[in-house]
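The values are calculated or read from the model by the stated rules, or taken from the named source; none is laboratory data. Just so it is clear, the model here is predicted, and its values are computed rather than measured. We place every Cβ from the backbone using ideal geometry, glycine too, and count neighbours over all the protein chains shown. What goes into the accessible areas is simple: the full protein's heavy atoms, side chains included, and nothing from ligands, DNA or RNA. Shrake-Rupley method; radii C 1.70, N 1.55, O 1.52, S 1.80 Å.
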Amino acid sequence: MPYYYLNQQYSGIDRIEEKTMTQHTEPGVGLSIDVLGIPTNYLEAGEGPPLVLIHGSGPGVSAHANWAGVMPELSKSFRVIALDCPGFGFSGRKPDAQYSMPFWIEHFLAFLDALGLRQVALVGNSFGGSLSLAVAATAPERITKLVLMGTPCGKFKITAGLRAARTYVPSHDNLKAMLQMFPFDKSMVDDAMVAKRLEASSAPDALTAYRALVPASAVEEGSDGIISGVPEKVVARLQQPILVLHGREDQVVPMELGLRIFTNAPNAQFHGFASCGHWVQVERRDQFVKAALAFLDDGSAP
């Protein structure tokens, strides 16, 4: 069975202590810290309780692409940290290029250790939502709350959006057609967005990490195309409060999969957005910020 966002069992995690930082000025490049030998790029703003944002996957994705529009508001209440996971954005690549969910879990927890963060709240988009769930299941004592957008749960048939992203070959037309499957309003995908993501998706090894999430077998002719998010039984064990946000017209991760998280997680809330696709934090920016802040800053115990 090919797995989407989760293709191995969780395993023990070794922590790291040593860290180094450098400052950059390029918009998508913030601080850099060595985590498990990989230069890890992250953006940071604000003061207060730590809130870590984890981006989605797909060609040309980065923390900046996902979160630049909402960090200013979130950082008024929290110390907001948005990292580029290894294999994405401006972070380094894994030397052997063998990506898996256990590796990203290990790296993420080591990232928290390197920054001296004992406990954090998470906001995860798509792949970032899956990683958030996986981290919360692996080290529940480290995670207080989760806000998830466009996050899959359980087995499902590969969607047209995921198929297009998995089979993507870099070109302006290919990228524009693929990106237009993400938001409800296709006009949001303008030439500036396409040009920026095309440059990022054309870099050497830019697609390796994403392709590890959706196995080639899932898009082969004759395949049943069944893939999986974090299993329901894993989600059912999570005790943290979870806010699930999902676009009703999501063609990448159908709303049904977000409802599975709501149905199975014992302390979950769900909010669906009409006329909204896969990019809730972009398509419904103000509503996203309002809902996330109300949930994260309500003063309730984890």
State the extension gain, in nm to one decimal, for the chain segment bounded by Ser171 and Gln269, taking 0.36 nm per residue of separation less the distance between their alpha-carbons.
31.3 nm
Return the long-range amide H neighbours of Ile143 (sequence gap of 5 or more, or a different chain), with a cut-off of under 5 Å between placed amide H atoms.
Val120
Please compute the length gained on full extension between Ala195 and Arg118, using 0.36 nm multiplied by the number of residues separating them and subtracting their Cα-Cα distance.
23.9 nm
Show me, for region 31-41, the HN-Hα J-couplings you get by feeding each phi into the Karplus relation (A = 6.51, B = -1.76, C = 1.60, θ = phi - 60°), rounded to Hz, glycine and proline as x.
8, 10, 9, 7, 10, 6, x, 10, x, 10, 7
Hull-based mean projected area of region 76-124, where the convex hull spans the alpha carbons, in square nanometres
4.2
Long-range amide H partners of Lys155, meaning residues 5 or more apart or on another chain whose placed amide H is closer than 5 Å, are Gly229
Phi-derived 3J(HN,Hα) across region 89-100 with the Karplus relation (6.51, -1.76, 1.60, θ = phi - 60°), rounded Hz, x for Gly and Pro, is x, 9, 7, x, 9, 5, x, 8, 6, 9, 8, 7
How large are Rg and Dmax for region 160-302 when only the alpha carbon atoms are used, in Å?
17.2, 51
Under Stokes-Einstein, region 114-232 at 10 °C and 1.306 mPa s, with its Kirkwood radius over C-alpha pairs, diffuses with a coefficient in µm²/s of 98
Rounded to the nearest 0.05, what FRET efficiency is calculated for Glu221 and Glu249 with R0 set to 22 Å and r the Cβ-Cβ distance?
0.20
Taking only the alpha carbons of region 208-274, what extent do you get along each of the three principal axes, in Å, biggest first?
39, 29, 23
What pairs from Lys157/Lys290; Lys76/Lys157; Lys94/Lys186; Lys94/Lys196 go past 30 Å between their alpha carbons?
Lys157/Lys290; Lys76/Lys157; Lys94/Lys186
Average projected area of the Cα convex hull of the chain, in nm²?
14.2
How much of the accessible area of region 255-302, in percent, comes from carbon and sulfur atoms when a 1.4 Å probe is used?
49
Expected sort for 49-62, 178-191, 136-149 on mean C-beta neighbours within 10 Å, highest first, is 49-62, 136-149, 178-191
Convert 37 °C to kelvin, take the viscosity as 0.692 mPa s, use the Kirkwood radius over C-alpha pairs of region 129-199 as Rh, and evaluate the Stokes-Einstein diffusion coefficient in µm²/s, rounded to a whole number.
226
So for the pair Asp185, Lys76, with labels modelled 7 Å out along Cα→Cβ, what separation do we get in nm?
2.2
Within region 23-107, what whole-number % of the accessible surface is contributed by carbon and sulfur, with the 1.4 Å probe and all protein chains included in the calculation?
51
